[in-house]
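This report concerns only the one structure given below.
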Amino acid sequence: MATGQRQLTRRGFLGATGTAAAAIAIPQFIPADALGKGEKAAPSERITFGVIGLGDRGPRHCKMGGAEGQLLAACDTWKDRRDKIAAQYKVKAYADFREVIANKEIDAIVITTPDHWHVPMAILAAKAGKDIFCEKALGVSVEQDLALRAVLKRYKTVFQYGPQRRASHKFRHACELARNGHIGEIKEINITTMTFGACAPKKIAAQAPPKTLDYEMWMGPCPKVPYVPGRCKSRGWYTIYDHSIGWIAAWGSHVLSIAQWGYDIHKAGVTEYQGTGVIPNEGLNDNLVSWDVKMKCANGVKMTLKTGGNKVEFVGSEGTVWASDRGQGSTPESLWKEVIKPGETRLKCANLGTDFIKCVKTRETTVGPIDDAVYSDIMSHIADIAIRLKRPVKWDPSTEVIVGDAEASKLLSRPIRSPWSI
């Protein structure tokens, strides 16, 4: 099929309908094999995508969507990584992500790079008409998060964030019990998160980058920093502030997104943050590796965010319900067995990759939309700022600014190295 025909049958048609799609009923997506088309959808019906970043998460997304998705591009600044995936899937290898974004045969972009690249890359992809799956955390500053949200809404981009617990039925059930009043009025939300500790090099011994790495492109919008073995490893850069705000956002995104599922934090608005944490400041490690944060919503609901395993607990006036990676439960015990009744709120729960491919076709909202991604990321950022400054920080969720603290406000943005921008 010619390129023009192909774009018209899928992306071209959806783009051409624009806002009209919101005014009409879009047919429910039906897998190709249910229509008697065999194991794979017809080429014109598959969603094509490129994966940018092939370290830890990237290779896991190369089969995204199963028969409904098709990988067309493998991109990484490390030559061995991109060549390996390209050979495995018989696709083209790219060293420069801009060539992937410019490829008119590609419908969607999967971003699994270090965090400092997420927002600049996603903005370029959205402006090029691509839909986006982006791993967590979102951006390296609140300014970046807000800029990305504005662009995605302007271009009507389908966006999927990567907090996998929204694919878990036990987390969904806990949230539905909380959201539908089965525990009465919510009083507290207690959140614990994982941490891998200090993973960046503890000894700084700068050297020339390997010839197989385009280190200038790897740095991209972050400050120009010396190459140190371990800086570019998938866990190493997480505890380096130049590239990320660390595990409080990377692991925090999983459970903060669950807290949002079970309670309208968007509407309640977290207004106060204070906490303590440990920043090793050893070698390249200058991000939080543990934390204990107390937050308060405008309506009085209290929240805590601590290290200690992925768990969310909703405390209500008539009971408590919780879910974690290792289990689930409630007080009283019988509460967990309660069934969500017809007419009560049900939450969308789905495999993130499968859901993304489906939503690219139908233009529906994903299980991890941009609004939720931004809000959970902001909570991580303001908590991080409060810990670094060692004092409470007040946040206005309606205007999305820090209140009455010029020093803290400066930490909402970061300079971006030329020629990159947001």
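See the values below:
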quantity	calculated
Residue 360 being of a type outside the set (Lys, Arg), buried (at least 21 other Cβ atoms within 10 Å of the Cβ), outside the structural domain of residue 146 (by TED's automatic domain parsing) and touching a helix residue (DSSP H, G or I) at 6+ places or on another chain (Cβ under 6 Å)	no
Residue that is surrounded by the most Cβ atoms within 10 Å (Cβ to Cβ) [pool: residues in the range 228-246 that are modelled with pLDDT of 95 or more and not in a loop (DSSP other than H, G, I, E, B)]	239
Entirely in the range 42-151, the helices (runs of 4 or more DSSP H) that have 1 or more residues that are within 15 Å of residue 162 (Cα to Cα)	115-127
Residues of the range 272-289 classified as touching an Asp or Glu at 6+ places or on another chain (Cβ under 7 Å) and β-branched (Val, Ile, Thr), total	2
Answer from 377, 384 - the residue that is crowded, with 16+ Cβ neighbours inside 10 Å and either more than 13 Å from the chain's Cα centre (by Cα) or of a type in the set (Ser, Thr, Tyr) (or both)	384
Test for residue 422: is it crowded, with 16+ Cβ neighbours inside 10 Å and modelled with pLDDT of 95 or more	no
Matching strands (runs of 3 or more DSSP E) fully within the range 286-401 where at least 1 residues are over 21 Å from residue 140 (Cα atoms) and touching a strand residue (DSSP E or B) at 6+ places or on another chain (Cβ under 8 Å)	290-297, 302-307, 311-316, 320-324, 327-331
Boolean, residue 220 is within 30 Å of residue 300 (Cβ to Cβ) and not assigned by TED's automatic domain parsing to the domain that holds residue 61	no
Residues that are within 14 Å of the chain's Cα centre (by Cα), under 23 Å from residue 324 (Cβ atoms) and of a type outside the set (S, T, N, Q), drawn from the range 235-274	246, 247, 248, 249, 250, 251, 252, 254, 255, 256, 258
Count - residues of the range 317-349 that are surrounded by fewer than 16 Cβ atoms within 10 Å (Cβ to Cβ) and under 18 Å from the mean Cα position of the chain (by Cα)	1
Failed item in (1) under 24 Å from residue 180 (Cβ atoms); (2) touching an Asp or Glu at 6+ places or on another chain (Cβ under 9 Å), with residue 328 passing the rest	(2)
Selection count, the range 86-119, where residues are closer than 16 Å to residue 135 by Cβ and surrounded by fewer than 21 Cβ atoms within 10 Å (Cβ to Cβ)	0
Residues that are surrounded by fewer than 24 Cβ atoms within 10 Å (Cβ to Cβ) and of a type in the set (Ser, Thr, Tyr), drawn from the range 126-163	141, 155, 157
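The values are calculated or read from the model by the stated rules, or taken from the named source; none is laboratory data. This structure is a prediction, so every number in the text was calculated from the model and none was measured. Positions of Cβ are generated from backbone atoms using ideal geometry, with glycine treated the same way; all protein chains shown enter the neighbour counts.
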